[in-house]
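Coordinate-derived values only; no laboratory data. For clarity, every value in this text was computed on a predicted model and none was experimentally measured. Neighbour counts run over all protein chains shown; Cβ positions are idealised from the backbone, glycine included.
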Amino acid sequence: MNWKRVIGLDNLAEDYKFARSESTGYTSAQKIPDRWVPTTCGYCSVGCGMEIGVKEGRAVSSRALASHPVNRGKLCPKGLSEHYTIAAENRAKVPLLRKNGKLEPVGWEEALATMAERFRKVQSKYGPEALGVLSTGQLVTEEFYTLGKLVQLGFGTSNYDGNTTLCMATAVSGYKLSFGSDGPPGNYEDMERADVVLLIGANLADNHPILCQYLEANRNKTLIVADPRVTKTAMMADLHLPLKPRSDLALINGIAHILIHYNLIDRAYIEKHTSGFAELEAFLAGYAPERVSAITGLSQDTIFKTAFLYGRAKAGFIGWTMGVNHSTIGTATVNAICNLALLTGHIGRPGAAPFSITGQCNAMGSREASFTSSMPGYRKFEDPADRAELAALLNVEEARLPAKRGLAYPDIVEATVSKKIRALWIVATNPLVSYPNQGVLRHGLSNLDFLVVQDGYHPTPTTELADLVLPAAIWGEKDGTYTNSERRVSKVNKAVEPPGQARPDFDIFLAVADALGCREALFPGWTKPEDAFNEWRRVSRGRLCDYSGIDYDLLAREGATQWPRSEALINEASTPERSSRLYADGVFKTPDGRARLICAEWVPFPEQPGGDYPFVLNTGRTVEHWHTRTKTREVPILERLSPRAWLEINPRDARKLGLSSHDSVDVISRRGSTRGVELRLTEITAPGQVFMPFHFFETNVNEVTQSAFDPISREPNYKQCAVRVERSGARS
Ligand code: SF4
């Protein structure tokens with residue numbers, strides 16, 4: 001007992017003192033900073049501009065940057081409380097090396113020497129490809145670029161991928177097939193300028209909340225939301241399409257069929273800028289309204305209404321996120337979305353775009369610069385001209401560049417199971433929560449000779465399994481750039497020092513290169529992220545994602561700017577229209593310059609409900625948390641708002657099972673179970689379906705999800721699997 005407090009002496013007066021802040025009025029004095037440091041939010045791909053308040057060397061508050069073009073002075077709950085992630089209890093502060101089964105603190109020198117020695121040993125015994133690397137969408141672009149060079153040219157393995165494959169690889173594959181290159185064609189402003197906005201599998205209100213202001217500002221739009229759940233975004237819609245799970249591709253094909261049949265297409269655009277129309281028209285004959293109605297569960301009237309609204313729009317916008325991407329037919333669905341835009345000419349104009357809203361704060365930087373699913377600058381591994389050009393730019397032998405993509409994320413995991421991969425380096429991601437069908441992953445990791453996990457936090461479920469933990473600086477503690485979903489490059493700035501011995505990932509990569517003996521050859525004279533950025537500008541020059549006209553001075557001056565921005569424009573003031581849309585000229589990145597119309601066949605999802613597993617399980621997110629909750633469970637206000645997982649079930653199904661709201665239930669699939677989940681009865685979820693958020697390691701929904709992946713993008717089918725629901729302990 002604190003006797004001083006009992007007798008009124010230790011009354012925490014300092015903690016509870018209020019003062020006046022010029023931006024927020026009366027505020028806890030502790031939250032009024034000495035200075036504000038401008039930066040960009042480190043959670044999602046919306047890319048909000050913000051400031052970190054710093055007092056006596058500590059991050060004490062966060063606020064929106066009113067001048068930033070993306071968020072216009074607003075932040076969501078995660079952004080508003082982001083400073084709490086820095087001083088979290090579970091920050092990793094020292095390198096830890098497993099000795100006699102226990103993680104023990106060691107110095108950086110020993111940590112890096114051990115890592116280099118163990119990785120080299122594995123590679124010399126089993127071959128260079130026996131090393132795998134899994135990174136993230138959370139690093140700054142400078143770090144992605146550096147890590148890509150280090151992995152591909154330093155370690156000489158191409159078995160390198162990011163957790164972005166769990167998130168938006170499908171959009172990447174779809175864009176590449178339809179347009180010849182990755183790169184989102186539109187921008188956020190299009191949501192304000194479209195007269196029809198169609199969102200497919202995109203719950204912006206929970207997952208990209210600040211984007212809702214673009215919808216709200218557009219008073220002339222018709223908002224259509226296709227989602228099996230009545231999400232918060234669906235509640236904003238003029239027309240909600242509660243389609244059956246994974247029937248979106250059939251719906252899109254059905255809309256295209258109607259558009260062609262009723263001549264609501266732009267024949268001049270199709271003629272001039274696309275290929276494959278005749279084949280597509282014949283193929284779509286299989287998607288007559290009667291069949292599409294049977295597949296989707298939507299009435300024919302609703303399907304016609306949707307088609308006519310989009311087809312008659314002056315500018316139609318289609319946005320999508322994980323509802324489309326998390327699927328074995330995700331890439332095909334993206335192609336079908338692109339078909340709709342191309343058939344109607346709804347692309348490359350204000351308000352008109354097929355637009356993938358991506359996930360993590362710098363998933364885009366990873367797509368452009370990281371050397372994972374393509375070489376830097378969207379160069380293709382298999383294209384001899386791309387290889388020759390990149391080799392010359394990097395001043396390396398062309399033979400050192402991989403001639404094909406290495407293993408994608410799920411295939412790296414499979415290779416740990418089959419012992420083709422024997423050592424793994426995991427950077428800033430937490431697969432022991434986020435990977436589907438956890439049993440397979442645990443098996444694979446248990447086979448490894450050496451596992452290195454580099455993260456800003458410890459313990460996490462993944463760092464706990466590591467042989468070596470490398471403590472990394474996080475957002476707020478390092479410099480660089482992020483690129484958001486609309487290709488907008490924003491500066492990320494250091495506000496405070498990292499804790500203990502934690503170092504920026506950029507420094508760690510250079511130190512690993514030092515330990516390998518390749519630092520000067522690969523990173524000559526590099527000491528700071530700007531050195532990487534300047535090389536990346538040269539490497540991206542003339543590419544679709546041209547950064548050559550962007551430098552740190554310009555970002556300091558303008559705050560943020562979109563690519564492409566060529567070197568000729570470095571000194572020009574930004575104009576909103578200059579680089580805001582791709583393909584305005586109708587010329588695409590295919591060999592003939594024409595976009596491809598692709599016949600994308602719908603098939604049912606792989607694990608249908610029935611028998612012992614009667615429900616379709618859908619997974620997703622909630623506004624309060626970020627991915628595996630490594631950060632947000634340390635933010636008191638977010639954790640209190642959403643402290644545990646839940647399972648949504650329709651009241652009619654609950655009644656049949658004899659279950660009530662707040663009952664504790666087990667969710668069971670053919671692969672495993674997650675137990676003790678709180679039940680929520682709600683009409684948000686339709687009969688026959690259940691929904692569970694994926695943030696919570698304590699009740700991890702990925703114990704039950706399946707190993708089923710898109711054949712092209714390799715993205716997991718997180719969204720549908722067959723489960724049963726039982727009262728907790730019913731069978732024990
Ligand atoms: S919408 Fe995304 S980028 Fe903006 S504050 Fe929220 S989490 Fe950060």
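Overall, the range 150-218 carries a charge dipole of about 300 debye about its Cα centre when +1 sits on the Cβ of Lys and Arg and -1 on the Cβ of Asp and Glu, all other atoms neutral.
Of the peptides 553-560, 48-55, the ranking by mean beta-carbon count within 10 Å, highest at the top, reads 48-55, 553-560.
The Rg/Rh ratio for the range 1-158 is 1.13, where Rg is the radius of gyration of the alpha carbons and Rh is the Kirkwood radius. What the Kirkwood sum gives for the range 160-220 is a hydrodynamic radius of 13.5 Å, with every pair of different alpha carbons counted. Summing Cβ point charges (Lys, Arg +1; Asp, Glu -1) relative to the Cα centre of the range 495-594 gives a dipole of roughly 360 debye. Restricting attention to the range 169-357, close to 5% of DSSP beta bridges with both partner residues there are antiparallel. For the range 615-676, dividing the convex hull volume of the Cα atoms by the residue count gives 114 Å³ per residue.
Check the straight Cα-Cα distances from K380 and name the lysines below 23 Å, setting aside those fewer than 8 residues away within the same chain. By straight Cα distance, K380 reaches K149, K176, K404, K589. Across the chain, the fraction of Cα-Cα pairs farther apart than 50 Å, rounded to a whole number, is 11%. Each Cα pair under 8 Å and six or more residues apart adds its separation to the average, and for the range 615-727 the resulting relative contact order is 38 percent.
With coordinates expressed along the principal axes, the C-alpha atoms belonging to the range 7-78 extend over 51, 22, 21 Å, beginning with the largest.
In the distance distribution for the range 498-640, Cα-Cα pairs more than 28 Å apart total 59 percent.
Protection proxy ranking for 295-302, 485-492, using the average of other Cβ atoms within 10 Å per residue and placing the highest first: 485-492, 295-302.
Summarise the long-distance tail of P(r) for the range 169-357 by giving the % of C-alpha pairs beyond 24 Å. The share of Cα pairs beyond 24 Å in the range 169-357 comes to 30 percent.
Each Lys and Arg contributes +1 and each Asp and Glu -1, all at the Cβ; summed about the Cα centre of the chain, the dipole is approximately 940 debye. Taking the chain, the Cys residues with no second Cys beta-carbon under 4.7 angstrom are C44, C76, C167, C212, C338, C361, C518, C545, C599, C721. Could you point to the residue in L103, A130, F144 farthest towards the positive end of the range 100-152's charge dipole, with +1 and -1 charges on the Cβ of Lys/Arg and Asp/Glu respectively? Selected residue: A130. Mean projected area of the Cα convex hull of the range 385-431, taken over all directions, amounts to 4.7 nm². For the chain, adding -39500 (n - 2.57) for each run of n ≥ 4 DSSP H residues and dividing by the number of residues yields -8500 deg cm²/dmol at 222 nm. Over the range 73-158, all Cα pairs binned in 10 Å intervals from 0 give whole-percent P(r) values of 13, 28, 36, 17, 6, 0, listed from short to long.
Of all beta bridges that DSSP places with both ends in the chain, some 50 percent have antiparallel geometry. For the listed peptides 671-678, 103-110, 540-547, a ranking on the average number of other beta carbons within 10 Å per residue, highest first, reads 540-547, 671-678, 103-110.
By the equivalent-ellipsoid construction on the alpha carbon gyration tensor, the range 615-727 comes out with semi-axes of 21, 20, 12 Å, ordered largest to smallest.
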